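Please read the structure below before turning to the comments.
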Amino acid sequence: MTIAIIGAGMGGLALARVLHVHGIDAAVYEREPSRGARDQGSMLDIHSGQRALREAGLLEEFFTIARGEGQDMRLLRPDGTLLLQEDTPDDAPLLRPEVDRADLRNLLLDSLPEGAVHWGHAYESAADGVVRFAGGGSARYDLLVGADGAKSRVRRLVTDARPEHLGQNAVEIGIPDIDRTHPDLAAMVGRGNYWVLGDGISLAAQRNGDGRVRIGVSFYNTGEDWFATSGIPFDDPAAARARLIELLPGWDTRITALIEACDDRIAPRTLTTLPVGLTWPSHPDVTLLGDAAHLMPPVGEGANMALLDGALLALALVAHPDDQVAAVAEYEKEMFERTEAAARMSAGMQELLMSPDAAQRLLEFFQPG
């Protein structure tokens, strides 16, 4: 069969790789002009997704780029009170290691045959076994897989569902080369994740493998138009940093110093989610995976589910080489059940983070009883 995968994210690449392991070719079409066209984002916590990497024959290589120390965590209140500190022993098993998203994507890309990914191909439409791309060009397919993320355009072929605002808006900033430029802040953040949870606001700092600390300041229970009324001047990074600190009244100056130390890369993020338990009638020639199928709150499940989606869809196609309809139906049945459970868990964690006593509730989550 001719398989066209729309999107070179984790799920689409995992699908292409596992198919390749089993001798089945697939074409990946990506709108970005090249693998390095944009920043790929922050670290990923890979746990259940390790099964997909095993099926892809890449688990040992993954362990060479994964960061076990990225499992470290510090949890604080805005006044600087340290509630929890977990430091990972050097010999601890890599059950939930962090990995740079770009490193994992490169691992998957490098495992595919040359020419398997077609860069600069933005999906425009698909019908009657032909996918068309913006600016001209087309390709035939027997199976079209929408792996094109939260704003998927392939999704509309199988469902009318659209992502809805999550009630959370975040500002992404960061400190480059923190060990050299701000060793005191580096020591405060530690080797992994540094969380500060207040009433309706959180600051999450995360150490990346390239020495950058990525910081997300989230404002919960806010609407889609919150950025328009927030007073954050995104066209003036210095003023934007100052305004962010103004929006954190009473926060310990050691914490707000993280914001002061950031460079001029600043970006607003409006978070959305698809309905928990979303399903659709199975189609013989099109399906979805990853955020296109089950966009969840960003609490550590999305990338793992996408990797599993890709691997398990590939295995279903391998198991039913002459019955594409059965393969897609088998994949979707398992995917719907698995990702509904993950989405419910993620929604529960999101509700916790949005609660007034989020810090205490998260502490009890990590230290039950």
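The values are calculated or read from the model by the stated rules, or taken from the named source; none is laboratory data. All values reported here derive from a predicted model rather than from experimental measurement. Note that each Cβ is placed from the backbone with ideal geometry, even for glycine, and that neighbours are counted across all protein chains shown.
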Options Ala127, Ala134; residue that is in the same structural domain as His320 (by TED's automatic domain parsing), farther than 30 Å from Leu362 by Cα and in contact with a strand residue (DSSP E or B) (Cβ under 8 Å, 6 or more places away or on another chain): Ala134
Among the residues of the stretch 16-61, which ones are over 17 Å from the mean Cα position of the chain (by Cα) and of a type in the set (A, V, I, L, M, F, W, C)? Ala16, Val18, Leu19, Val21, Ile24, Ala26, Ala27, Val28, Ala37, Ala56, Leu58, Leu59
Answer yes or no: is there a residue in the stretch 242-250 that is surrounded by fewer than 18 Cβ atoms within 10 Å (Cβ to Cβ) and in contact with a strand residue (DSSP E or B) (Cβ under 6 Å, 6 or more places away or on another chain). no
In the stretch 62-74, is there at least one residue being buried (at least 19 other Cβ atoms within 10 Å of the Cβ), touching a helix residue (DSSP H, G or I) at 6+ places or on another chain (Cβ under 7 Å) and part of a helix (DSSP H, G or I)? yes
Kindly indicate whether any position in the stretch 80-96 is part of a helix (DSSP H, G or I) and either of a type in the set (Val, Ile, Thr) or not assigned by TED's automatic domain parsing to the domain that holds Gly190 (or both). no
Only one of (1) aliphatic (A, V, I, L, M); (2) more than 16 Å from Leu108 (Cβ to Cβ); (3) modelled with pLDDT of 95 or more does not apply to Val299, and that is (3)
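May I ask you to say which residue of Ser34, Ser48, Ser42 is over 30 Å from Pro368 (Cα atoms) and of a type in the set (Gly, Ala, Ser)?
Working: Ser48 fails: over 30 Å from Pro368 (Cα atoms); Ser42 fails: over 30 Å from Pro368 (Cα atoms).
Among Ser34, Ser48, Ser42, only Ser34 is over 30 Å from Pro368 (Cα atoms) and of a type in the set (Gly, Ala, Ser).
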Check off (1) surrounded by fewer than 18 Cβ atoms within 10 Å (Cβ to Cβ); (2) of a type outside the set (Val, Ile, Thr); (3) in contact with a Gly (Cβ under 7 Å, 6 or more places away or on another chain); (4) under 30 Å from Ser230 (Cβ atoms) for Asp179 and give me the number that stays unchecked. (4)
Please enumerate the residues belonging to the stretch 316-358 that are out of contact with any Pro (no Cβ under 9 Å at 6 or more places or on another chain), in the same structural domain as His47 (by TED's automatic domain parsing) and buried (at least 20 other Cβ atoms within 10 Å of the Cβ). Ala316, Leu317, Tyr331, Glu332, Met335, Thr339, Ala342
Residues located in the stretch 56-95, provided they are of a type in the set (S, T, N, Q) and within 30 Å of Val18 (Cα to Cα): Thr64, Gln71
Report every pair of residues separated by at least 6 positions or lying on different chains whose Cβ atoms are under 9 Å apart, first residue within the stretch 357-368 and in contact (Cβ under 8 Å) with a residue 60 or more places away in the chain, second of a type in the set (Phe, Trp, Tyr) and surrounded by 12 or more Cβ atoms within 10 Å (Cβ to Cβ). Ala358/Tyr220; Ala359/Trp195; Leu362/Trp195
I'm told Arg155 meets every condition in (1) closer than 28 Å to Arg96 by Cα; (2) touching a residue at least 40 places away in the same chain (Cβ under 8 Å) except one. Can you identify the failing condition by its number? (1)
Gly198 vs. criteria more than 23 Å from the chain's Cα centre (by Cα), closer than 18 Å to Gln350 by Cβ and not β-branched (Val, Ile, Thr): yes
Select from the stretch 111-159 the residues that are touching a His at 6+ places or on another chain (Cβ under 7 Å) and crowded, with 17+ Cβ neighbours inside 10 Å and list them in ascending order. Leu112, Phe133, Val158
